[in-house]
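The values are calculated or read from the model by the stated rules, or taken from the named source; none is laboratory data. Remember, predicted model here, so these are calculated numbers, not experimental data. Here the Cβ positions follow ideal geometry from the backbone for every residue, glycine too, while neighbour counts run over all protein chains shown. Remember, those area values only see protein heavy atoms, side chains included, never the ligands or the DNA or RNA. Shrake-Rupley method; radii C 1.70, N 1.55, O 1.52, S 1.80 Å.
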Amino acid sequence: VLGKEGAVVLPALMFLADAARRDVRLSDLPAYLRRTGPAYALQAAVLALALGVRWSVLGDVASPTHPPGAEVLRDIPRIWTLAGVWPHYVRLLLAPLDLASDYSPGVVEVGFGWNAGRAAGAALALTVMVGAWAAWRRGGETGPGRGSPRMLGFAVVWVLLALLPVANVLFLAPVLVAERTLYLASVGVAGALGWLAWEALDRKGRPAAVAVAALFLAFAARSAVRVPDWRSTETIQQALLDDHPESGRAWWGFARRLDAQGRPGDARRAYAVALDLLDSEHQVALDVASHLLASGRPGQARLFLERAWRERPEWYSAPGLLAAA
């Protein structure tokens, strides 16, 4: 849990796995807790300690930051935006043809009400959850040597639990969507796909084997094609700018690269695009102010520093740079 905060859901995932292997009814809970209680108690103690340390540093158990360029989500209902986010999770887990290192506003739209796309996203989420419930009820216990349609329900609940810390449901998370948060979630999907592949091979034989092999090769090829983009910070930022020029983070990274290359005029133009896409993002404002200070424009820098200080009075970078200016 100290390595990755998402591990906070591991106790719930363990209970889910137990419930999939054997029916755990309310009447069974006392016996179940007698058998597994010490393990859950130890995990609870570790989590309490970790969350206590986190609270002492951040003043909260959740991150105090919001997704870049999405501070407005503090003030408006998040369900409008989440309805547009859910289809991205389904797409990335099942058909990741398009990948991005950033899904900040621009790539993923902040919603200010319902439209056809968000309504379809909400309907998709409800349909998947109803289907998961039906598969769970229809399927029997799972375990070594015996599969079950319950694996489909298991996969959906696993994904929901694994994404809960970053889903922006209980609290604002630092991202709207991030592919790195899908590693743990993909375990549940792999379980369901494994059961489906086993069923297909058992019933269809060689044609199913060819289809399963093609699917695995397609996913492996997609991964291999993507790997070179991660050679360095510059290559992934350039890939993001090429694939998603609507990303404010892409222009922000581009501006910093131009600044480092000694191209202040081009850097200012790139910063202007980043500011337009990310609005009043604290770190972008600080970078713009630092650029203006280095360019001998302290008056303009002061405007950005004063705004950043107003937005984050508890952070010291803006007043420090303002004092230097």
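Odds and ends about this structure:
- Number of residues in region 266-278 that are within 24 Å of the chain's Cα centre (by Cα) and open to solvent by 20 Å² or more (accessible area, probe 1.4 Å) equals 3.
- Flag if TRP230 is among the aromatic types (Phe, Trp, Tyr) and modelled with pLDDT of 90 or more: yes
- Test for LEU258: is it closer than 20 Å to GLU311 by Cβ and in contact (Cβ under 8 Å) with a residue 12 or more places away in the chain: no
- Taken over region 294-305, residues that are farther than 16 Å from GLY262 by Cβ and open to solvent by less than 60 Å² (accessible area, probe 1.4 Å) amount to 4.
- Tally of residues being in contact (Cβ under 8 Å) with a residue 24 or more places away in the chain and not small (Gly, Ala, Ser) across region 29-50: 4
- Qualifying residue in region 104-111 (condition: at pLDDT 90 or above, more than 21 Å from the chain's Cα centre (by Cα) and either more than 21 Å from GLY6 (Cα to Cα) or open to solvent by 50 Å² or more (accessible area, probe 1.4 Å) (or both)): no
- Verdict on GLU281 being under 24 Å from PRO174 (Cβ atoms), at pLDDT 90 or above and open to solvent by 20 Å² or more (accessible area, probe 1.4 Å): no
- Test: residue in region 51-66 that is among the hydroxyl-bearing types (Ser, Thr, Tyr) and at pLDDT below 85: yes
- Taking region 266-294 as the range and being assigned to a helix (DSSP H, G or I) and of a type in the set (S, T, N, Q) as the test, the residues that pass are GLN283, SER290.
- Candidates in region 306-325 are the residues that are part of a loop (DSSP other than H, G, I, E, B) and open to solvent by 30 Å² or more (accessible area, probe 1.4 Å); of these, the one that is farthest from GLU109 (Cα to Cα) is ALA325.
- Helices (runs of 4 or more DSSP H) contained in region 134-226 and holding at least 2 residues open to solvent by 70 Å² or more (accessible area, probe 1.4 Å): 182-204, 206-226
- Counting the residues of region 179-203 that are under 21 Å from PRO87 (Cβ atoms) and of a type in the set (D, E, K, R) gives 2.
- Unique residue being closer than 27 Å to ALA12 by Cα and modelled with pLDDT of 90 or more when the list is LEU193, LEU124, LEU217, LEU170: LEU124
- The condition of being touching a residue at least 24 places away in the same chain (Cβ under 8 Å), in contact with a Ser or Thr (Cβ under 9 Å, 6 or more places away or on another chain) and over 30 Å from PHE154 (Cβ atoms) holds for only one of LEU176, LEU240, LEU172, that being LEU240.
- Residue count, region 64-103 (criterion: assigned to a loop (DSSP other than H, G, I, E, B) and open to solvent by 30 Å² or more (accessible area, probe 1.4 Å)): 10
- Among the residues of region 98-115, some residue qualifies, meaning at least one is in contact (Cβ under 8 Å) with a residue 40 or more places away in the chain, closer than 30 Å to ALA218 by Cα and acidic (Asp, Glu).
- Per-region count, region 33-63, residues hydroxyl-bearing (Ser, Thr, Tyr) and open to solvent by 60 Å² or more (accessible area, probe 1.4 Å): 1
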